[in-house]
Amino acid sequence: MNPPAATKRLYIKTYGCQMNVYDSERMADVLAPLGYGVVDSPEGADLVVLNTCHIREKATEKTYSELGRMKELKLEKARAGGAMKIAVAGCVAQAEGEEIMRRQPAVDLVVGPQSYHRLPELIARAHRAIGERLSADFAAEEKFDALPDARTNLGVSAFLTVQEGCDKFCTFCVVPYTRGAEYSRPVEAILAEAQRLADQGVRELTLLGQNVNAYAGEGGLAGLVRRLASIDGIARIRYTTSHPRDMDEALIAAHGEVEALMPFLHLPVQSGSDRILKAMNRAHTADSYVTLVERIRAARLDIAMSGDFIVGFPGESERDFEQTLALIETVNYAQAFTFKYSKRPGTPAAALPGQIDEAVKDERLARLNELLFAQQAAFNAAQAGKTLAVLFEREGRKPGQVVGRSPYLQPVHIDGPLSLIGQIAPVAIGKTTRGSLTGVLASTVLEPA
């Protein structure tokens with residue numbers, strides 16, 4: 001049964017991680033049967049959803065700032081005789097639901113990450129001006145069971161959540177408190193969703209989880225990857241985000257044996273100092289991380305590494321920071337995400353002595369980025385003259401241009417027909433920058449995958 005034609009306008013603003021991107025897509029899916037169609041602007045929307053992130057302090061404050069703007073749009077629509085509902089979803093909703101309702105009365109409902117499948121019910125209650133406005137429990141199983149099978153607004157690549165929550169309790173992180181304990185979806189449910197995605201033309205899956213390689217379904221993540229790779233039409237598989245302590249031998253072997261598993265691995269380390277890693281409760285050392293990377297590279301010689309780094313963790317000395325730079329020099333990253341440590345209320349690190357001055361954090365972040373940007377630029381420059389298989393995803397900004405992704409997740413621009421979208425074709429790489437590659441089709445004959 002097809003959903004009704006869109007009669008109401010839905011605006012969703014997504015903050016933070018890829019898990020939130022997936023959640024926003026699924027929120028649109030559960031609201032489609034109520035006649036909500038996604039729009040690109042909050043002006044005039046009937047329902048605004050802010051899907052929030054609680055990882056960094058500034059992200060939280062951005063939520064409150066955006067709510068102020070949404071309140072003005074809500075009042076403006078009311079003056080015109082209409083009505084706008086405002087919902088806050090995601091991790092800020094989970095952590096600060098009561099505070100949100102107190103600080104911003106214009107909010108109609110608050111929905112935690114495990115409760116967004118209840119949006120239709122909560123919206124109906126809000127329209128009747130009765131019942132609960134706050135729903136922030138941790139029933140992950142209930143959420144996935146209640147989601148509709150159909151997914152909309154899909155392109156060539158799609159996110160697929162396979163695991164949620166975290167049991168690691170890194171001292172800087174709020175995820176265990178906002179997403180709950182680790183939960184792995186059943187294998188058959190994931191395979192069924194993947195098959196539906198393939199039937200809709202998806203060629204690349206990115207498997208998502210707070211600790212995706214902690215996936216505990218039958219066969220672990222390695223077994224799941226192998227089964228997904230057998231689905232007709234799925235040509236590429238990626239996964240994020242991983243924890244070093246959950247990178248087992250079976251998954252390392254899969255990188256060398258499963259052709260569809262792309263040679264690009266995001267494996268956060270956070271620091272190169274054992275002292276800081278212990279204070280972070282990361283349960284690995286700098287040497288064990290480097291040894292793990294060596295084992296992965298031995299299994300897949302062409303694999304490229306990506307990482308996460310935090311500077312200015314409480315008590316971080318200049319020597320600790322220099323050890324992080326040394327680890328980066330040793331590993332040599334193709335890409336990385338970097339952050340200044342940000343206090344999150346309720347986390348153990350927020351109460352630690354030795355909080356670092358913001359000016360010191362800024363200086364260290366600049367030095368860290370200088371090194372990582374140089375490594376990324378060098379990695380991209382090394383692709384010049386090579387022929388890479390590119391999965392084309394969309395039309396480019398320039399007329400006659402199409403854009404795709406290399407196996408290493410780099411954007412690749414070429415002049416070519418729109419018929420390339422959804423296809424994988426060999427591209428001879430010419431110009432490179434730190435952020436992207438440019439090339440020409442190496443052959444007019446497309447590869448079958």
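The values are calculated or read from the model by the stated rules, or taken from the named source; none is laboratory data. If you're wondering where the values come from, they're calculated on a predicted model, not measured in any experiment. Backbone-built Cβ (ideal geometry, glycine too); neighbour counts: all protein chains shown. To get the accessible areas, we keep the full protein, side chains included, count just its heavy atoms, and leave off ligands, DNA and RNA. Shrake-Rupley method; radii C 1.70, N 1.55, O 1.52, S 1.80 Å.
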message = If the requirement is being of a type in the set (Ser, Thr, Tyr), under 23 Å from the mean Cα position of the chain (by Cα) and closer than 19 Å to residue 376 by Cα, which of these qualifies: 338, 330, 324, 347?
response = 338
ask   = Is it the case that segment 297-307 has a residue that's open to solvent by less than 70 Å² (accessible area, probe 1.4 Å), at pLDDT 95 or above and of a type in the set (Val, Ile, Thr)?
value = yes
request  = For segment 57-91, name all the residues that are among the hydrophobic types (A, V, I, L, M, F, W, C) and without any contact (Cβ under 8 Å) to a residue 60 or more places away in the chain.
outcome  = 59, 67, 70, 73, 75, 78, 80, 83, 84, 86, 87, 88
ask   = Among 212, 187, 174, 202, which is the only one that is modelled with pLDDT under 85 and surrounded by 17 or more Cβ atoms within 10 Å (Cβ to Cβ)?
value = 174
ask   = Does any residue of segment 407-429 turn out to be acidic (Asp, Glu) and under 22 Å from residue 302 (Cα atoms)?
value = no
key: Hits in segment 224-270 (condition: among the small types (Gly, Ala, Ser) and either in contact with a Lys or Arg (Cβ under 8 Å, 6 or more places away or on another chain) or open to solvent by 20 Å² or more (accessible area, probe 1.4 Å) (or both))   = 229, 230, 233, 235, 250, 253, 254, 256, 260
request  = Being crowded, with 18+ Cβ neighbours inside 10 Å and closer than 24 Å to residue 174 by Cα is the filter; apply it to segment 319-338 and report the residue that is modelled with the lowest pLDDT.
outcome  = 336
request  = Considering only segment 267-291, state which residues are outside any helix (DSSP H, G or I) and either touching a Leu at 6+ places or on another chain (Cβ under 8 Å) or under 10 Å from residue 244 (Cα atoms) (or both).
outcome  = 267, 268, 269, 270, 271, 272, 282, 283, 284, 285
